1. So how many residues does the range 311-330 have that are under 19 Å from Phe408 (Cα atoms) and among the acidic types (Asp, Glu)?
2. Only residues that are touching an Asp or Glu at 6+ places or on another chain (Cβ under 6 Å) and among the hydrophobic types (A, V, I, L, M, F, W, C): list them for the range 522-569, please.
3. Report, by residue number, each residue of the range 542-568 that is within 14 Å of Asp595 (Cβ to Cβ) and crowded, with 18+ Cβ neighbours inside 10 Å.
4. Out of everything in the range 274-290 that is assigned to a strand (DSSP E or B) and at pLDDT below 90, what residue ends up being nearest to the chain's Cα centre (by Cα)?
5. Among the numbered criteria (1) over 29 Å from Ala304 (Cβ atoms); (2) touching a residue at least 12 places away in the same chain (Cβ under 8 Å); (3) not small (Gly, Ala, Ser), which single criterion is violated by Thr224?
6. Residues being within 24 Å of Asn568 (Cα to Cα) and not hydrophobic (A, V, I, L, M, F, W, C): count how many of those fall in the range 537-552.
7. So if I check each of Ile89, Ile93, Ile37, which one is over 17 Å from Gln161 (Cα atoms), assigned to a loop (DSSP other than H, G, I, E, B) and in contact (Cβ under 8 Å) with a residue 12 or more places away in the chain?
8. With respect to Asp595, determine if the residue is modelled with pLDDT of 90 or more and either surrounded by 21 or more Cβ atoms within 10 Å (Cβ to Cβ) or more than 45 Å from the chain's Cα centre (by Cα) (or both).
Amino acid sequence: MLSSEQQTLEMIAQGARLCDVLDRLCRTVDALVPGVISTLLLATPDGKHLELGAGPRFPAVLKSGTFPRVIGPGSCSCGTAAFLKQRVIVSDITTDSKWPDHYRTQAASHGLRASWSEPLISQDGAVVGVLTLYYTAPRIAEKSNLELIETAAHLALIAIQLDRSRKTLEEQETRFRDQQKLAEDELRAYEQAVEGLEEMIVVVDRDYRYLLANRTFLKMRNQTREQVVGRLARDVLNQGVFDETIKPRLDECFRGAIVRYEMKYTYPDIGERDVAISYFPIEGVNGIDRAACIFSDITERKRAEARQRETEERFRLLADSAPVMIWMVGSDGQPIYFNQSWRDFTGRPLEDELQFGWATITHPDDLERCLRIANKGFASKRPFSKECRLRRHDGEYRWILDIGVPRFLPDGAFTGFIGSCVDVTDQKLAQEALSHINRRLITAQEDERAWIARELHDDIHQRVGLLAMQLDRMRQILPSSMAEWERETASASAQVIELGKDIQALSYRLHSPKLQYLGLATAASAFCREFSDREQADVDFHSENVPKDLPADSSLCLFRVLQEALQNALKHSGSREFQVSLKARSNEVELTVRDTGIGFRPEEAIQGPGLGLISMNERVSSLGGLLSVDSILRHGTTVRARVPIGLPPRTPRA
């Protein structure tokens, strides 16, 4: 952009036509930013419309139907910017209300998707034009492109004001017809163009003599035009500052370079100020013979930057005293800060943390997952959280809960992420202890059930059988004349036999001997048949490749889940048809219980008073397995339990 600025200023200084200057400026912007189409619009004399001044790449078919454009709210980004007298960023034309429907449709059909408009405002507050950048894809504001549009708009403003001044001179030329007078008027017009600008502007020749000085420059120095114009710079300024700082940079400018720098300068009345200085070479007939010097007072900006640095320092002091680990990354994803708690945890200095980051201390088993979560959050600019193991300074891996949130400036610009980390290893260990207690409770419950089953089967059931046999003998030895007695004893015998069956079934439900001696598949099949007979239901059971010698805890877990799932389905689904599948794979056994009933909401069932889903989930989780419940209202429910084969129960690893 530097060479383009120089060429544009040269065109302005050499008096090129405004249309040529604006066209050259648009072509420069189009070349610097891929996918951009720039236009420069000029305000009509009545200040109510915008006309196309330049736009070499703007679609020709849109020009006649789009311009002149009314200045007002809701008149696309350019008309709105001129009306509001402020920059308007439309990131997506197709969704922004500033674009009327007919203009939006036309723009989108010709590949225009985003528009950024910068009003060109003269010193007296009038809008003289608008610079608009159209993008072929939706585009949010970016610092580099905003700087570009500001620079281009500033150049366009100078060109337009100079053009208006030149038009005034041309009108005067027709009246006076005097070449010498015309030259004087052109000089006055150039001076007038820069006279009202906020920047301090002077022009010096190769002898460092002031040829022009605008009002702002004279006011800052509290000098008259006669005290400056025509005099040497070293006589007007501090000679030491001129020789050491200003002259070497002016010499660089006279060699063809655009020079920019900042310095502190002490003015006679207002004291020391921070000044941003730019030198632009101006080429005459015999080469570069002048330099346009622009001075901007940036004292307030520097003070604001100092306040910002002070705020950041206070934040760092606060963050370093926080009991949690805090990290920050920039908009490029690179780390920019780790607080003292983080550095105490890792035992590394800040320089090493900024160079290596958290990836080098993340447990290898967690690294890929954590990178995926962090990258997804960074790409979407949305908060994320993850649990991973980080290596402490003593070499021990600790479980860390990491929460990251995006950071934005007041204008919406994304600046990166800030995150906090908490050591949750002790919580993990507490959860494991609780899980271990739960497993012990379940084991105790199963031991009690086995004892009850043995008592019912080996004692009560045998005694009831003997009673039935005794009653039957009584019926056989009585005379036939006692018909009523026979009926009573027969009825009692039948009831006792039925009682024995019920007690046996209860024993089977509490503890299945088939599960212990014949394996899970046989026990599950027998239970499904018994369930069907008892409840008058249709249970379709199917098993594949289930080994007989499954670990006892795995078999018992799946058998209890089967019992609970069928009982729940019978009670709540409203259906009497069920499908049960038991399949073994290389490293797990999967149980599926499906019904076609009314369905339910699992989250509401978990919050209810029952323990069915909770106990099933605890059984499966204690073996390192996974329980899932898929249910859709009026479309049935599927309960699926997966239990690993030959793996120990899960334990958190520190």
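1. The total comes to 2.
2. The answer is Ala569, and nothing else.
3. Hits for the range 542-568 are Leu562, Glu564, Ala565, Leu566, Asn568.
4. Ile282
5. (2)
6. Qualifying residue count for the region: 4.
7. Ile93
8. yes
The values are calculated or read from the model by the stated rules, or taken from the named source; none is laboratory data. On a predicted model such as this, the values are computed, not experimentally measured, just so you know. Counting neighbours? That spans all protein chains shown, and the Cβs are built from the backbone with ideal geometry, glycine included.
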